[in-house]
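Structure record follows, encoded as structure tokens.
The values are calculated or read from the model by the stated rules, or taken from the named source; none is laboratory data. Computed from a prediction, not measured in an experiment: that's the story for all the values here. Virtual Cβ from ideal backbone geometry, glycine too; neighbours counted across all protein chains shown. Accessible surface is based on the protein model in full, side chains and every heavy atom, while ligands, DNA and RNA are left aside. Shrake-Rupley method; radii C 1.70, N 1.55, O 1.52, S 1.80 Å.
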Amino acid sequence: MDDREVETEGGAFPADAFAGSVLPDGDTCWEALGAHDARFDGLFFVGVKSTGVYCRAVCPAKRPKRENCTFYRTAAEAEAAGFRPCLKCRPELAPGAPIAQDTDRAVQRAAELIREHAGSCRIADVAAQLGLSERQLRRLFERTYGVTPTAYRTTCRLLLAKSLLTDTDLPVTRVAFACGFSSVRRFNDAFSQRYRMAPSHFRRKAAGAVRADAGPVVLHVGYRPPYRFDLLLDFLRLRAIEGVEAVEGGAYLRTVRLDRGGPGTVSVSDSAAAPTASDASIGSAGFSPAAPSAGFAAGTSPLVGWIKVVDEPARNRLALTVSPELFDELPLVVARVRRLFDTDCLPAAVEAGLADFHARVPVANRMPGIRLPCCFDGFEMAVRAILGQQITVKAAGTLAGRVAREFGAPAATPHPALDTAFPPPSAFCADDATDRLGALGVIGQRARAICALAQAVCAGEVTLRPGADLEAEARALAAIPGIGDWTVQYLLMRAYGHPDGFPASDLGVKSAFPDLKPRELTALSKAWSPWRSYAVMSLWSVPHEPAPPAKAPPSDRSAANPSPER
């Protein structure tokens, strides 16, 4: 049987049957539920009428009777139907579903904003940012996800709260504020109405958890196997920015700076406003919260902290440690880690889509479980890519570290390798930014490219974020002197998380097909669409002898190395 098929009681069917935006019929879902296969995890949820709970496809409980099962695409749909999350399989830990190709771009972006800012966003501001009315957004959202944007936001908040209550010993008040509730009273009401039990029920379940009201917390992010965390770490280790990122002891470490009021943020909701004194005191257990985040208000100081990510392969999940400085923006931190480590990927769909690619390359290039590392911060990654043009990978990391220390801010962490928070785009918009970059050893053209990119981001002309209009963003990036086609494609892959990026001029890609010119290679690669980014990652992940930096031809306006990351 092909390894892209799963054996169930009813026979075999492709594991990528759930890759589209429409959920397969109930009988197919029921057969998949019986398989208890992790490759289906997070692709659907089952509501069990006899118990009133909804479960993941990998729930260890005995499969319920078919007549008691109703299947849903998202946890939000299951909760809207009146089901509460299972305490055994914990739906809050399920990996996310990949975005289907036929999903409306505006809906994708809306869902992304809601997940990132579940604790602080107003739905009206999300709609305005997308150029839609609230009514339009609601109609599109319900058609795609089966629930209203408000219900989706509530599910995001409550599932994060459930995870914090179960896995940490954070005070209930701190959990409530971290998840976007303005008071413990409102948090208790929402929790009790939706889950039919008090938050304290989960706190009792957390016996033995490490108390974390003054220290880091550990959350978990699920993924679907196979998952090559080792290759991700190798990739990130080579491209780490000194002082900002590090890979040590099988873990990824980095500093985090979240600027309030930066480009692309949304406003706080009325329900997430600062709590009253009476509300804040309820159930605080002696904890007096600092003023919780009231959204990204302009003029407020940034949040600076650190994170650590390690793999837990036995449980198909990542363990994410978050420093207390970032607790007010936990949804944003978790969402960015999901992107960076591509936990929502559907490996079966990627494998099926790259069949022609695998038939044309050596067996070493077939890497089940390969992932596309997006990035934690799009602007940071773009600066690192520009700095890496025509120099070695190691030298680029050192140079990027000098830039970070000059323009960024010190960061206090318990990890000696982390001491700097990368600067925001606004830091490179000063009149003397180009000269300061030059003094650090950045050549003039790259210094000007970085400053021009920063100005474009601050002006909203470029977002460097998933969910954007890729064609428009690619044109805007290409219009910046110093950014050539290779860099544009690389940014599409890593800043935007585009699964179909393809830098045909890349040295690693060309070396795998030495007889083809870039135009011919691009035509050939169409058969691998929409997963060409994963094909490129497969080529980049094979150990190889480093090639000397290539000089750009005089006609290349960007003067960029066609493969600066190799």
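When each of 395, 352 is tested for being under 18 Å from residue 243 (Cα atoms) and modelled with pLDDT under 95, the lone residue that passes is 395. Pairs are defined by a Cβ separation below 7 Å, a sequence spacing of at least 6 or placement on different chains, a first member in the range 127-149 that is among the aromatic types (Phe, Trp, Tyr), and a second member that is surrounded by fewer than 19 Cβ atoms within 10 Å (Cβ to Cβ); the pairs so defined are 141/148.
All conditions in (1) closer than 23 Å to residue 111 by Cα; (2) of a type outside the set (Phe, Trp, Tyr); (3) part of a loop (DSSP other than H, G, I, E, B) hold for residue 389, with the sole exception of (1). Please determine whether any residue of the range 193-205 is within 26 Å of residue 324 (Cα to Cα), of a type in the set (A, V, I, L, M, F, W, C) and surrounded by 18 or more Cβ atoms within 10 Å (Cβ to Cβ). Looking for residues that are within 26 Å of residue 324 (Cα to Cα), of a type in the set (A, V, I, L, M, F, W, C) and surrounded by 18 or more Cβ atoms within 10 Å (Cβ to Cβ), one finds at least one in the range 193-205, hence yes.
Examine the range 392-406 for a residue that is closer than 26 Å to residue 339 by Cβ and not in a helix (DSSP H, G or I), and state whether such a residue exists. No, every residue in the range 392-406 fails to be closer than 26 Å to residue 339 by Cβ and not in a helix (DSSP H, G or I). Restricting the range 497-519 to residues that are assigned to a helix (DSSP H, G or I) and either touching a Cys at 6+ places or on another chain (Cβ under 9 Å) or more than 20 Å from residue 362 (Cβ to Cβ) (or both) leaves a set whose member that is most open to solvent (accessible area, probe 1.4 Å) is 519. Scanning the range 432-443 for any residue that is touching a residue at least 40 places away in the same chain (Cβ under 8 Å), surrounded by fewer than 19 Cβ atoms within 10 Å (Cβ to Cβ) and either out of contact with any Leu (no Cβ under 9 Å at 6 or more places or on another chain) or not aliphatic (A, V, I, L, M) (or both) turns up at least one such residue. Could you list, in sequence order, all residues of the range 214-227 that are surrounded by 20 or more Cβ atoms within 10 Å (Cβ to Cβ) and either in contact with a Gly (Cβ under 6 Å, 6 or more places away or on another chain) or of a type in the set (Lys, Arg) (or both)? Hits for the range 214-227 are 224, 227. The condition of being in contact with a strand residue (DSSP E or B) (Cβ under 8 Å, 6 or more places away or on another chain), in contact (Cβ under 8 Å) with a residue 40 or more places away in the chain and open to solvent by less than 50 Å² (accessible area, probe 1.4 Å) holds for only one of 404, 396, 400, 385, that being 404. If you go through the range 541-561 one residue at a time, do you hit one that is at pLDDT 55 or above and within 25 Å of residue 450 (Cβ to Cβ)? Within the range 541-561, not a single residue is at pLDDT 55 or above and within 25 Å of residue 450 (Cβ to Cβ). Do we have residue 100 as open to solvent by less than 20 Å² (accessible area, probe 1.4 Å), over 24 Å from residue 329 (Cβ atoms), touching a residue at least 40 places away in the same chain (Cβ under 8 Å) and within 20 Å of the chain's Cα centre (by Cα) here? So residue 100 fits the description; yes.
When restricted to residues that are within 26 Å of the chain's Cα centre (by Cα), of a type in the set (A, V, I, L, M) and modelled with pLDDT of 90 or more, the range 190-228 contains 4.
Taking the criterion of being closer than 14 Å to residue 153 by Cβ and surrounded by 24 or more Cβ atoms within 10 Å (Cβ to Cβ), the residues of the range 176-186 that qualify are 179, 180, 181. Tallying residues that are modelled with pLDDT of 90 or more, over 20 Å from residue 342 (Cα atoms), in a loop (DSSP other than H, G, I, E, B) and not aliphatic (A, V, I, L, M) within the range 79-121 yields 6.
For the range 260-281, state whether one or more residues are among the charged types (D, E, K, R), modelled with pLDDT of 95 or more and within 29 Å of residue 342 (Cβ to Cβ).
Scanning the range 260-281 turns up no residue that is among the charged types (D, E, K, R), modelled with pLDDT of 95 or more and within 29 Å of residue 342 (Cβ to Cβ).
From the list 475, 446, 465, the one residue that fits, being open to solvent by 40 Å² or more (accessible area, probe 1.4 Å) and among the basic types (Lys, Arg), is 475. Kindly indicate whether any position in the range 124-143 is aliphatic (A, V, I, L, M), assigned to a helix (DSSP H, G or I) and within 20 Å of the chain's Cα centre (by Cα). For the range 124-143, residues aliphatic (A, V, I, L, M), assigned to a helix (DSSP H, G or I) and within 20 Å of the chain's Cα centre (by Cα): present.
For the list (1) surrounded by 22 or more Cβ atoms within 10 Å (Cβ to Cβ); (2) more than 25 Å from residue 219 (Cβ to Cβ), I need the number of the one condition that residue 117 fails. With (1) surrounded by 22 or more Cβ atoms within 10 Å (Cβ to Cβ); (2) more than 25 Å from residue 219 (Cβ to Cβ) applied to residue 117, the lone miss is (2). Would you mind stating whether residue 479 is modelled with pLDDT under 95 and out of contact with any Pro (no Cβ under 6 Å at 6 or more places or on another chain)? In short, no.
Restricting 466, 410 to residues that are touching an Asp or Glu at 6+ places or on another chain (Cβ under 7 Å) and more than 18 Å from residue 382 (Cβ to Cβ) narrows the list to 410. In the range 59-76, the qualifying residues are those that are farther than 9 Å from residue 45 by Cβ, in contact (Cβ under 8 Å) with a residue 40 or more places away in the chain and in contact with a strand residue (DSSP E or B) (Cβ under 9 Å, 6 or more places away or on another chain), and the one that is least open to solvent (accessible area, probe 1.4 Å) is 69.
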